[in-house]
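The numbers here are math on the coordinates, done by the rules we state, and not lab data. These numbers come from a predicted model, not from an experiment. Note that we place each Cβ from the backbone using ideal geometry, even for glycine, and neighbour counts take in every protein chain shown.
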Amino acid sequence: MRKRVLVLGVLPAVVLVCAGASQCSEDKSGAARESQATMLNQEQAAVTVGMPAIVNYTEKRMLKTIYELRDNPKLVTYSYTMDMTGKRHSVCPTVSIGYPVPYSTQYTAPKALRVNKPIWPDGTQYSGEAKTWEADQPEPNGLYMPSSADGTWVICVNPDTGNPAPVYIEPKVMTYPFKMPSVD
């Protein structure tokens with residue numbers, strides 16, 4: 001019985017891969033065979049192993065807590081870089097505000113969600129199929145975080161005026177909600 005379920009689970013993947021593609025019967029290259037075998041293995045793994053039985057969602061709750069704690073406009077932090085010997089150096093002459101933001105974080109979506117509804121030349125809509133394009137989904141804080149970035153914005157408190165001042169820094173930054181020993 002288990003073997004039948006496995007075969008039935010793999011069959012839709014093969015049909016999906018080959019549906020409408022004339023290349024399935026023609027492409028005999030090693031890369032094509034490897035790709036098809038990999039897809040079959042992935043389907044078999046999904047059927048055999050299944051999805052993790054997550055019931056407490058602890059990591060999701062932890063990330064929610066981190067977002068909420070970061071959402072404090074008066075959050076005082078201490079930002080440091082580390083030299084080659086492992087010693088910390090303050091980024092700001094006093095304190096920083098909040099946590100640093102990677103330089104390549106975007107305020108708006110890199111792609112806009114668009115719905116193309118058919119219209120007549122006079123501007124009125126007619127009943128035709130609308131086309132939709134997907135856009136990147138922002139984080140709950142409304143920002144589009146990069147997968148990686150070398151530069152970072154740190155908001156430091158200016159020691160002369162007490163006003164926030166953005167500082168751009170290339171080295172990796174460590175930011176704490178408490179003061180750490182440093183060589184400064």
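So the values come out like this:
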| quantity | calculated |
| --- | --- |
| Separation in nanometres of the label points that stand 7 Å from Cα toward Cβ, at ASP184 and LEU143 | 2.0 |
| Sequence ranges 66-76, 96-106, ranked by mean other-Cβ count within 10 angstrom, highest first | 96-106, 66-76 |
| Distance between modelled label sites at VAL76 and TYR103, nm, 7 Å Cα→Cβ extension | 3.0 |
| Cut-off 10 Å between beta-carbons: net charge of the residues surrounding TYR78, Lys and Arg +1, Asp and Glu -1 | +2 |
| Table column - 3J(HN,Hα) (Hz), region 151-165, Karplus curve with 6.51, -1.76, 1.60, x for Gly and Pro | x, 9, 9, 10, 8, 9, 8, 5, x, 7, 9, x, 8, x, 9 |
| Chymotrypsin sites (Phe, Trp or Tyr not before Pro) restricted to DSSP loop in region 143-184 with at most 16 other C-beta within 10 Å | PHE178 |
| For PRO100, net neighbour charge (Lys/Arg +1, Asp/Glu -1) across residues whose Cβ lies under 13 Å away | 0 |
| Distance in nm between pseudo-label sites at ASP83 and LYS172 (7 Å out along the Cβ direction from Cα) | 1.8 |
| Cα centre as origin, Lys/Arg/Asp/Glu Cβ charges: region 30-101 dipole, Debye | 300 |
| Charge sum, other residues only, whose C-beta stays under 13 Å from HIS89's C-beta, Lys/Arg counted +1 and Asp/Glu -1 | +1 |
